[in-house]
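Visitor: The structure follows.
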Amino acid sequence: MVTREEALNLLMEYTKSRSLIKHALAVEAAMRGYAKKYNEDVEYWGITGLIHDLDYEMYPKEHPLKGVEILKEKGYPEDIINAVKGHADNTNTPRETLLAKVLYAVDELSSFIIAYILVRPNKSFEGIKVKSIKKKLKDKAFARGVDREIVKQGAKELGVEMDEHIKTVIEALVEREKELNKIGESLI
């Protein structure tokens, strides 16, 4: 089994951009939150989120297929590899496992919530509300890089209402932020 430290080192080997590393940490947090919700292996799911974009900076045109190749070479489990491959629509990979569906569902939404936090006056998770995120999702000018259709499709594939999905991701980010702050790290 791959450890989080090994996964983080692999991410750092291929990713130098601080914002991409922060994105990976946010997706890791959301994956951990859903793992708790579904009584799955929190570390394993977190690792999947952490490494899902490891090739994005160095190989943007080959993403996520170059990452899949790297993960295969490193001996990552097949379900993690399939989840990483399936988180991008361009691979036409069916998301058949809960792990794959959750990764797809949290990727864009995690980025959106972090973008929202960054424009708040206090740049804090404190008091963040589902309705505020839903309202901001309607603002097409905000966080243009986030595909709203993928956010909707992700919740649909998971079979959860959008409010519940947003709430789960917010709670996971808030909890992980507290844990990371204890070791001098942050999602923002």
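The values are calculated or read from the model by the stated rules, or taken from the named source; none is laboratory data. The shown structure was predicted, so the numbers you read here are calculated from the model rather than taken from an experiment. Every residue, glycine among them, receives a Cβ derived from its backbone with ideal geometry; neighbour counts consider all protein chains shown.
Visitor: I'd like to know if the range 167-178 contains one or more residues that are among the hydroxyl-bearing types (Ser, Thr, Tyr) and surrounded by 21 or more Cβ atoms within 10 Å (Cβ to Cβ).
Guide: Checked the range 167-178: at least one residue is among the hydroxyl-bearing types (Ser, Thr, Tyr) and surrounded by 21 or more Cβ atoms within 10 Å (Cβ to Cβ).
Visitor: Step by step: first the residues of the range 139-166, then only those that are of a type in the set (Gly, Ala, Ser), surrounded by fewer than 11 Cβ atoms within 10 Å (Cβ to Cβ) and at pLDDT below 95, then the one that is nearest to His23 (Cα to Cα). Which residue is that? Steps first, answer last, please.
Guide: Of the residues in the range 139-166, the ones of a type in the set (Gly, Ala, Ser) are 141, 143, 145, 154-155, 159.
The next check asks that each one be surrounded by fewer than 11 Cβ atoms within 10 Å (Cβ to Cβ); those that pass are 141, 145, 159.
From what is left, the residues that are at pLDDT below 95 are 141, 145.
Details: Ala141: 20, Gly145: 13 Å.
Of everything passing the filter in the range 139-166, Gly145 is nearest to His23 (Cα to Cα).
Visitor: Does Glu108 qualify as being of a type outside the set (Val, Ile, Thr) and either at pLDDT below 95 or over 16 Å from Thr168 (Cα atoms) (or both)? Spell out how you get there, then give the answer.
Guide: Values: of a type outside the set (Val, Ile, Thr): yes; either at pLDDT below 95 or over 16 Å from Thr168 (Cα atoms) (or both): no.
No.
Visitor: Look at the range 139-155 and say how many of its residues are without any contact (Cβ under 8 Å) to a residue 24 or more places away in the chain, within 23 Å of Ala24 (Cβ to Cβ) and either touching a Pro at 6+ places or on another chain (Cβ under 9 Å) or not in a helix (DSSP H, G or I) (or both).
Guide: Summing the residues that are without any contact (Cβ under 8 Å) to a residue 24 or more places away in the chain, within 23 Å of Ala24 (Cβ to Cβ) and either touching a Pro at 6+ places or on another chain (Cβ under 9 Å) or not in a helix (DSSP H, G or I) (or both) in the range 139-155 gives 1.
Visitor: Output yes when any residue across the range 97-111 is free of Cβ contacts under 8 Å to residues at least 40 places away in the same chain, of a type in the set (Asp, Glu) and within 20 Å of His165 (Cα to Cα), and no when none is. Please lay out each step first, then the result.
Guide: Taking the range 97-111 as the starting set, the residues that turn out to be free of Cβ contacts under 8 Å to residues at least 40 places away in the same chain are 97, 100.
Checking the rest, the ones that are also of a type in the set (Asp, Glu) come to none.
Taking every residue of the range 97-111 in turn, none turns out to be free of Cβ contacts under 8 Å to residues at least 40 places away in the same chain, of a type in the set (Asp, Glu) and within 20 Å of His165 (Cα to Cα).
Visitor: Moving to a separate point now. Could you please find all residues in the range 127-138 being loosely packed, with under 10 Cβ neighbours inside 10 Å and assigned to a loop (DSSP other than H, G, I, E, B)? Before the answer, list the steps.
Guide: First, pick out the residues of the range 127-138 that are loosely packed, with under 10 Cβ neighbours inside 10 Å: 127, 131, 138.
Scanning the range 127-138 gives Gly127, Lys138.
Visitor: Would you check if Asn82 is over 18 Å from Arg148 (Cβ atoms), out of contact with any Cys (no Cβ under 7 Å at 6 or more places or on another chain) and free of Cβ contacts under 8 Å to residues at least 24 places away in the same chain? Step through it out loud before you land on a result.
Guide: Details: over 18 Å from Arg148 (Cβ atoms): yes; out of contact with any Cys (no Cβ under 7 Å at 6 or more places or on another chain): yes; free of Cβ contacts under 8 Å to residues at least 24 places away in the same chain: yes.
The answer is yes for Asn82.
Visitor: Which numbered condition trips up Asn90, out of (1) under 16 Å from the mean Cα position of the chain (by Cα); (2) under 18 Å from Gly145 (Cβ atoms)?
Guide: Condition not satisfied by Asn90: (1).
Visitor: Residues that are within 30 Å of Val68 (Cβ to Cβ) and hydrophobic (A, V, I, L, M, F, W, C): does the range 120-131 have at least one? Give the steps one after another, and end with the answer.
Guide: At the first step, the residues of the range 120-131 found to be within 30 Å of Val68 (Cβ to Cβ) are none.
Within the range 120-131, none of the residues are within 30 Å of Val68 (Cβ to Cβ) and hydrophobic (A, V, I, L, M, F, W, C).
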